[in-house]
Amino acid sequence: MIQAHYDSGVEQVRRTEDVHRLLDRLVVARNAALVHSDCEHTAWVGVRGDRGAILFADAMTGSWASLGEGPRMGPRYAGLRFPSHCEIPVTELAVAIDEFLTTGQRPTLVPWQRVR
């Protein structure tokens with residue numbers, strides 16, 4: 001399960017239908033983030049307009065962020081500083097979140113960069 005945090009409240013994301021509905025809402029939100037955390041891994045997803053980023057961390061592989069074309073300065077999502085060049089189109093982000101909900105692992109369908 002993933003929790004969605006935005007200006008007007010918190011929602012739970014459990015299924016593919018939830019992901020697409022929520023991302024539609026997050027695209028128009030000013031400050032929005034999805035957060036998932038359990039004993040094995042943590043994932044944060046931020047959305048800004050039609051672009052967003054995902055940050056994934058676990059004890060085995062370390063921390064990873066999606067790899068995109070921008071921005072040059074790392075954006076802040078969910079109170080965290082993401083690395084530069086982490087934003088990808090929201091449509092690609094939706095595919096990654098769907099895969100994460102299915103597998104519980106770092107998605108393989110988007111490119112990644114190691115975060116130090």
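Of all residues in segment 66-87, those being under 24 Å from residue 12 (Cβ atoms) and crowded, with 18+ Cβ neighbours inside 10 Å number 3.
Okay, residues lined up against (1) more than 13 Å from the chain's Cα centre (by Cα); (2) within 14 Å of residue 109 (Cα to Cα):
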| position | (1), (2) |
| --- | --- |
| 57 | no, no |
| 60 | yes, no |
| 70 | yes, no |
| 84 | yes, no |
| 90 | no, yes |
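Going by the conditions given, is residue 4 assigned to a strand (DSSP E or B), buried (at least 17 other Cβ atoms within 10 Å of the Cβ) and at pLDDT below 70?
On the way: assigned to a strand (DSSP E or B): yes; buried (at least 17 other Cβ atoms within 10 Å of the Cβ): yes; at pLDDT below 70: yes.
The answer is yes for residue 4.
The residues of segment 68-92 that are of a type in the set (A, V, I, L, M, F, W, C), closer than 9 Å to residue 46 by Cβ and at pLDDT below 90, listed by number, are 78, 80.
The values are calculated or read from the model by the stated rules, or taken from the named source; none is laboratory data. The structure displayed is predicted, hence computed values, not measured ones. Because the Cβ atoms are built from the backbone with ideal geometry, glycine has one as well, and the counts that use them run over all protein chains shown.
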